[in-house]
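The values are calculated or read from the model by the stated rules, or taken from the named source; none is laboratory data. Here the structure is a predicted model, which is why all the values come from computation and not from measurement. With ideal geometry, Cβ positions are generated from the backbone for all residues, glycine too; neighbour counts draw on all protein chains shown.
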Amino acid sequence: MPGDGIGRNVLEETIRILDAAGFAAEYIEADIGWEFWRQEGNPLPERTIKLLEHHKIGLFGAITSKPKEEAAEELDDSLKNKGLIYSSPIVGLRQHFNLDVCIRPCHTYPGNPLNFIRRGSGDVIDEPAVDVVIFRQNTEGLYGGVEWTDPPDKVYEALLSHPRFVKNFSGVPQNELSISTRIFSRAATMRILRAAFEYARKYKYRSVTVCEKPNVIRETSGLMVRLAKEIQKNEYPNIELWNTNIDAQMMWLTKNPENYGVIVAGNMFGDIVSDGFAGLIGGLGFACSANIGKDVAVFEPTHGSAPKYADYKTSIVNPIAMVESACMMLDHINENKLSSKIRIAIATIVNEGKVRTYDMKKLPGSEDVIQKGAASTRQMADAIIEAF
């Protein structure tokens, strides 16, 4: 599922790398993204859902998403004023297939010039090794899609049953309210917590950190903290359980990132903290992810579609996040030797420093970066292949 913008560029090169590594697969392309919204009024066509129901495994590039009003303006004229509302197709995939476990590893590659550094004792420059894996609950919370502008009467009446709503919002006209819910279910919260603890045990991480805000968001964050304590005590007593508030965690991010192992959070906070840690390992060009459900799994980089780069004559974007996402796919289907082969090749290229994309050279993302010594998307893929 290439999607939009640079999604096609990075996915095309990733498949070349998979082929060269010896992964024998038949690839079937599926339609998803902005053009299908504009032309069909649906960025996630039913035919794509049917393909994924059949094949179970998806490699996803990137999508373009725009606010409600802008999305409506870009519809084909024949589709305007028909009540169509844009919603993110990747969120749609997560919810349709209950891809509730999102895994986002953030590991530093030695030699990456974008790695986080800090000033240590005696003004020594220190580069801590970051090895963090974020488990993000993927289908509930603020991304659950249960929201209203000008809520219907039944919803408004229900809100009036809460004393804090009466105190703080009853004077606001109903048609001036916009409401988004944050819903956590016990079953889904237990599943993401167990997935995090199980990963920590399998890969020998000493701690699992719940990153939420239970001192303020008492019911939902509080539920995750309470269940984490229960699971750790009864099932994983040899793994330390830490708790951090999301705001404090972002402050501590650059103080001691090497101390953290597995982090687990709800949807919004997991999104925030994973992007924060991605910044320490080189940015979104190195940030991969997996969306895993009971029967279906989709693997994607966490960067966006960057449409202006897609129009360049020569693609300049860093494909490593997409390649790493494909490695997570290989691990998921027990092709661990192949994933290790590719990761070793990436590590070799990054450490050698001879081939670097524009982000690794700290250049602005302009079309002339190739003339300034930056590697193209294809050249980076070629280098990885040559390192096998």
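Tabulated values for the structure
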read-out	value
Condition broken by Pro214, with the remaining ones in (1) touching a residue at least 40 places away in the same chain (Cβ under 8 Å); (2) in contact with a Lys or Arg (Cβ under 9 Å, 6 or more places away or on another chain); (3) surrounded by fewer than 19 Cβ atoms within 10 Å (Cβ to Cβ); (4) within 30 Å of Tyr156 (Cα to Cα) satisfied	(1)
Within region 170-196, considering residues that are among the β-branched types (Val, Ile, Thr) and not in a loop (DSSP other than H, G, I, E, B), the one surrounded by the most Cβ atoms within 10 Å (Cβ to Cβ)	Ile192
Where a residue in region 175-196 is modelled with pLDDT of 95 or more and its partner, wherever it lies, is part of a strand (DSSP E or B) and surrounded by fewer than 15 Cβ atoms within 10 Å (Cβ to Cβ), with Cβ under 7 Å and at least six apart	Ser178/Thr149; Ile179/Glu147; Ile179/Trp148; Ser180/Glu147; Thr181/Glu147
Residues (closer than 13 Å to Ile134 by Cα, outside any helix (DSSP H, G or I) and among the aromatic types (Phe, Trp, Tyr)) located in region 197-236	Tyr205
Test for Tyr199: is it within 19 Å of the chain's Cα centre (by Cα), crowded, with 19+ Cβ neighbours inside 10 Å, aromatic (Phe, Trp, Tyr) and under 22 Å from Ala278 (Cβ atoms)	yes
Filter result (out of contact with any strand residue (DSSP E or B) (no Cβ under 9 Å at 6 or more places or on another chain), outside any loop (DSSP other than H, G, I, E, B) and either surrounded by 11 or more Cβ atoms within 10 Å (Cβ to Cβ) or among the acidic types (Asp, Glu) (or both)) within region 78-90	Leu79
Criterion (free of Cβ contacts under 8 Å to residues at least 40 places away in the same chain and crowded, with 16+ Cβ neighbours inside 10 Å) met by exactly one of Leu75, Leu99	Leu75
Some residue of region 321-336 being in a loop (DSSP other than H, G, I, E, B) and within 24 Å of Leu280 (Cβ to Cβ)	no
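Each row is one residue, and each column tells you yes or no for (1) farther than 27 Å from Tyr358 by Cα; (2) surrounded by fewer than 24 Cβ atoms within 10 Å (Cβ to Cβ); (3) touching a residue at least 24 places away in the same chain (Cβ under 8 Å); (4) out of contact with any Ser or Thr (no Cβ under 8 Å at 6 or more places or on another chain).
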position: Leu223; (1), (2), (3), (4): yes, yes, yes, no
position: Trp242; (1), (2), (3), (4): yes, yes, yes, no
position: Ala265; (1), (2), (3), (4): yes, no, yes, yes
position: Asn334; (1), (2), (3), (4): yes, yes, no, yes
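Condition check ((1) part of a loop (DSSP other than H, G, I, E, B); (2) in contact (Cβ under 8 Å) with a residue 60 or more places away in the chain; (3) buried (at least 24 other Cβ atoms within 10 Å of the Cβ); (4) among the basic types (Lys, Arg)) across all residues:
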| residue | (1), (2), (3), (4) |
| --- | --- |
| Gly7 | no, yes, yes, no |
| Val10 | no, yes, yes, no |
| Arg16 | no, yes, no, yes |
| Asp19 | no, no, no, no |
| Phe23 | yes, yes, no, no |
| Trp37 | no, no, yes, no |
| Lys50 | no, no, no, yes |
| Thr64 | yes, yes, no, no |
| Glu70 | no, no, no, no |
